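The values are calculated or read from the model by the stated rules, or taken from the named source; none is laboratory data. Since the model is a prediction, treat every value here as computed from it, not as a measurement. All Cβ positions, even for glycine, are placed from backbone atoms using ideal geometry, and neighbour counts span all protein chains on display.
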Amino acid sequence: MGQTINPLGKEIIKVETQLCGRTLSLEVGRVGFRTSASVLARYGDTVVLGTAMVGTKSLQGFDYFPLSIDYEEKMYAAGKISGSRFIKREGRPSDDAILIGRLIDRPIRPLWPKGYRHEAQGVASVMSMDPSFRPDMIAMIAMSAAFMLTGAPFEGPVAGLRIGLVDGKLTAFPTPEQLDEGALDLVVAGTKDGVMMVEAGASEVTEEQVAEAIEFAFTAMQPAIALQEQLVKKVGVTVQEYTLDLPDESIQKSIDEWVEGKLGEDLRLPYPERNVLVANLREQMQTEMAEKLGDEYELNRVAYDEAFQAAVHKDVRKGIIKDGVRPDGRKFEEIRTLSSEVGLLPRAHGSSIFTRGMTQAFNIVTLAPLSFNQVVDTMEKEGERRYFHHYNAPGYTVGEVRRLGSPGRREIGHGYLAERAVTAVLPSEAEFPYTIRSVTEIMSQNGSTSMAATCSSVLALLDAGVPLKALVSGIAMGLMVDGDRAIVLSDIADAEDFAGDMDFKVTGTSKGITALQMDMKVHGLPVTVLKQALDQGKDGRAHILKHMLETISEPKEMSPYAPRVESIMINPDKIREIIGKGGETIQRITGETGTQIDIKDDGTVMIASPDSESIEAARQWILSIVEDPEVGKIYTDRPVVSVMDFGAFVQIMPGKDGLVHVSEMSEERVNKPSDVVKEGDKVTVKLVAIDDRGRLQLSMKAAARELNDKK
């Protein structure tokens, strides 16, 4: 590895441990001399550089923690150059990179103190990738270690593991192939005290299996947490001085006194009535404080608004923990009012609206031939995506004025969760040879739009005629922790999400879970509480699924505006003949029949068109090209390509001509072939023989005789 002293004359520090059968090492001092902290994490052949920058001053005027965490894919890490014809340099991060950046961010963000306003940035760059496992969990460890070394008040360390089911056995760091073939792809992140984040895609696994996998991962990741603690001690970190931007206690006290008697039971009403009352109460507070305090209020307007929101959150928690009543009066396991419908848009291939309380999702499904698959070219993957779910939530869905723009990390994450939820129940490509695009347009938000997107997409897919293996429903669970007591809430709304300690989303069929996403707002959670949330979520999913089945339970007939796709198998050696020189043949087929044709290397030919007659015409044309001449077969309406003194040549299929001798043209004597046929005529012939030189011998006489006998 070379020198153990870096160019600055300082020692290169390295620690290592065994993690799930391989050596994990963390190294400081080799690179990144001007960062707040840099760590090289190595596991197998995977090397990830985690760099952290933390500002020395607290930023003024911020009402949030300015933390950003990014994950950078480097094509060179996999020994690849981008397959794009035009772009070879890494540019905008792929959706996968954005999702992994979120994955790393989610367990790290809650571990900073409230009111911390120093600007912080983390970048995890994959320098070398071992193809036998995904590098994202090593990136999470590297990022956590870097933040630990900054001296900032990061209350880590955290670590993460990806778990799969391989031959029925829980396995850490499974290969990409094992993840694709297995029933579970689970990521768990946590501290030494508890679980911070869970994310999973699954093929109808049980709640018991998921709980067991979470516990397995939490135990297995502990060496990576202990290694980071060892590194911190060995490096000797200088603690950063900082101040917290916390609400003025006197302001909070005055607001608490002002809201006394105005919250509680008076606000425990269904949405949207409750939202209107809270908004009116806020406006009343602003008016009275402005009149009472004058310039002092104007100088601290933001602080007063934050204090009011904190008072509302405290009231929500008090109602649930002390009184056992949720903000809208529901019981802990009660689901909001549900409604749904399908087939709203006449020209769309499939459409639906799913409404749960004030949360509403409008989903539209579009079908296309497989040639419309999305090409995937990332550091880890190279191939195509057949199914993709896009999620949009403009400002009007929360009653705000916002500029429209490209989807952010939240929109990409919510769309991916809904996509993952449905992937397990999609028909195979052979069963349903279509590219499927599902778009959820959120109409209104008040808690768990990603789960509404999941339910609405399933309804729209069935409306489009997609033969799903089963229906999937989804629910968001919440949590209120009070000492050793943990209260799990089903179908949380915004007020409970903002005031609560957990956001737990779970989707599945009647048989089991298909996707899972959990984020903690407190410092870790025991697996027993997660198990309770899973079990309670199962009942909630069943309630929602029953409602969905009442709306639509079977795939409908496909829309007349959706393309029909028929597939046939041919000998792969014949593909060249269908394409023709310079694509001439296939262009002629598609041009004259009005179809779209996709050909795979294995000989699968897919023909698409909304018109079944066009598909049949293209199918017959292709079969005529690829089939071999068959002795004894009659070929009808085949063109005469040339007339000679001794007979006529007839094309029975493209590129295959045969001779009808003058003696085989009619039962009666024919003096000259030109007396019977001319070039361009269509005739019916029978292939009577193929000689040892491959020449085709045809007979019009034999064909006519056989057809007459059949009559």
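Return yes when Ala159 is under 25 Å from Ser406 (Cα atoms), touching a residue at least 60 places away in the same chain (Cβ under 8 Å) and of a type in the set (Gly, Ala, Ser) and no when it is not. In short, no. Quick check, is Glu400 in a loop (DSSP other than H, G, I, E, B) and either touching a residue at least 24 places away in the same chain (Cβ under 8 Å) or more than 20 Å from the chain's Cα centre (by Cα) (or both)? It is true that Glu400 is in a loop (DSSP other than H, G, I, E, B) and either touching a residue at least 24 places away in the same chain (Cβ under 8 Å) or more than 20 Å from the chain's Cα centre (by Cα) (or both). The number of residues in region 632-663 being closer than 15 Å to Ile690 by Cβ and among the charged types (D, E, K, R) comes to 3.
Would you say Lys710 is surrounded by fewer than 11 Cβ atoms within 10 Å (Cβ to Cβ), of a type outside the set (Asp, Glu) and either more than 28 Å from Glu584 (Cα to Cα) or over 59 Å from the mean Cα position of the chain (by Cα) (or both)? In short, yes. When you scan region 171-180, do you find a residue that is modelled with pLDDT of 95 or more, within 25 Å of the chain's Cα centre (by Cα), on the phi > 0 side of the Ramachandran plot and not in a strand (DSSP E or B), even just one? Yes, that holds for at least one residue. Flag set for Ser663, criterion: over 52 Å from the mean Cα position of the chain (by Cα) and polar (S, T, N, Q).
Restricting attention to region 152-170, which residues are farther than 24 Å from Leu111 by Cβ and either among the charged types (D, E, K, R) or crowded, with 22+ Cβ neighbours inside 10 Å (or both)? Quick ask: steps written out before the conclusion?
Of region 152-170, the ones farther than 24 Å from Leu111 by Cβ are 164-170.
Within region 152-170, Gly164, Leu165, Asp167, Lys169 qualify.
Screening the candidates Tyr43, Tyr64, Tyr71 for the property of being at pLDDT below 95, hydroxyl-bearing (Ser, Thr, Tyr) and either within 30 Å of Asn300 (Cα to Cα) or surrounded by 20 or more Cβ atoms within 10 Å (Cβ to Cβ) (or both) yields one hit, Tyr64.
So for region 341-351 (the condition being touching a strand residue (DSSP E or B) at 6+ places or on another chain (Cβ under 7 Å), surrounded by 18 or more Cβ atoms within 10 Å (Cβ to Cβ) and assigned to a helix (DSSP H, G or I)), does at least one residue qualify? Checked region 341-351: no residue is touching a strand residue (DSSP E or B) at 6+ places or on another chain (Cβ under 7 Å), surrounded by 18 or more Cβ atoms within 10 Å (Cβ to Cβ) and assigned to a helix (DSSP H, G or I).
Tell me whether region 683-694 contains one or more residues that are exposed (fewer than 14 other Cβ atoms within 10 Å of the Cβ), touching a residue at least 12 places away in the same chain (Cβ under 8 Å) and not aliphatic (A, V, I, L, M). Within region 683-694, not a single residue is exposed (fewer than 14 other Cβ atoms within 10 Å of the Cβ), touching a residue at least 12 places away in the same chain (Cβ under 8 Å) and not aliphatic (A, V, I, L, M).
Looking across region 667-682, the residues that are touching a residue at least 24 places away in the same chain (Cβ under 8 Å), charged (D, E, K, R) and more than 18 Å from Asp645 (Cβ to Cβ) come down to Glu667, Lys682. Applying the condition of being surrounded by 24 or more Cβ atoms within 10 Å (Cβ to Cβ) and small (Gly, Ala, Ser) to region 141-151 and asking which residue is farthest from Asp185 (Cα to Cα) yields Ala146.
Which one is surrounded by the fewest Cβ atoms within 10 Å (Cβ to Cβ), of the residues in region 416-432 that are assigned to a helix (DSSP H, G or I) and of a type outside the set (Phe, Trp, Tyr)? Looking at residues that are assigned to a helix (DSSP H, G or I) and of a type outside the set (Phe, Trp, Tyr), I get Thr423.
Exactly one residue out of Phe86, Phe147 is among the aromatic types (Phe, Trp, Tyr), assigned to a helix (DSSP H, G or I) and on the phi < 0 side of the Ramachandran plot, and it is Phe147.
For region 290-340, enumerate the residues that are surrounded by fewer than 20 Cβ atoms within 10 Å (Cβ to Cβ) and of a type in the set (S, T, N, Q). Within region 290-340, Asn300, Gln309, Thr337, Ser339 meet the criteria. For region 493-516, residues that are buried (at least 24 other Cβ atoms within 10 Å of the Cβ) and of a type in the set (Lys, Arg) total 1.
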